[in-house]
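Values quoted throughout were computed directly from the atomic coordinates according to the rules given, and no laboratory measurement underlies them. All values reported here derive from a predicted model rather than from experimental measurement. Glycine gets a Cβ as well: all are built from the backbone with ideal geometry, and neighbour counts include every protein chain shown.
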């Protein structure tokens with residue numbers, strides 16, 4: 001019985017270096033494109049959060065006849081308010097998934113005004129800098145400007 005000879009050689013140093021160089025070139029082309037997208041992703045997340053909160057507020061109004069007051073705030077969507085106007089038919093379990101109010105992507109509370117300056121209510125995130133106004137990554141995300 002004759003045994004077949006198997007090739008036990010591994011990769012040569014040159015082959016490994018070629019692979020490392022190729023990976024380096026790919027990383028240098030892809031990483032810069034992805035790095036600048038973090039701020040844009042945070043703005044999109046804030047827009048999605050605000051749209052979700054708007055939907056929850058509309059459900060609250062359908063059940064109770066009015067939106068939570070500015071004093072009750074957005075927490076009225078996750079905890080039954082005890083201050084006036086006390087909701088008559090508050091939904092057991094709240095109006096938001098997971099029973100908690102999201103913070104904006106910069107770990108700050110969303111600002112809620114009812115009645116709002118631009119509609120029945122206003123929801124605002126002050127963006128990356130946390131102050132009113134700003135441009136680019138620091139621009140405000142407002143409920144009345146969402147599409």
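Here are some notes:
- 0 to 90° range, to nearest 10: angle between helix 38-64 axis and the chain longest Cα axis: 30 degrees
- Sum of -39500 (n - 2.57) over DSSP H runs of 4+, divided by residues of the chain (222 nm, nearest 500): -12000 deg cm²/dmol
- Label sites at residue 107 and residue 16, each approximated as a point 7 angstrom past Cα along Cα to Cβ, lie 4.1 nm apart.
- Fewest-first ranking of 101, 17, using other Cβ atoms within 10 Å as the exposure measure: 17, 101
- Only Cα pairs under 8 Å and 6+ residues apart enter the sum, and on that basis the relative contact order of the chain stands at 19 percent.
- Cα-based Rg / Dmax (Å) for the range 37-142: 14.1, 44
- In plain terms, the residue of 61, 108 with the fewest other Cβ atoms within 10 Å comes first and the most crowded comes last, giving 108, 61.
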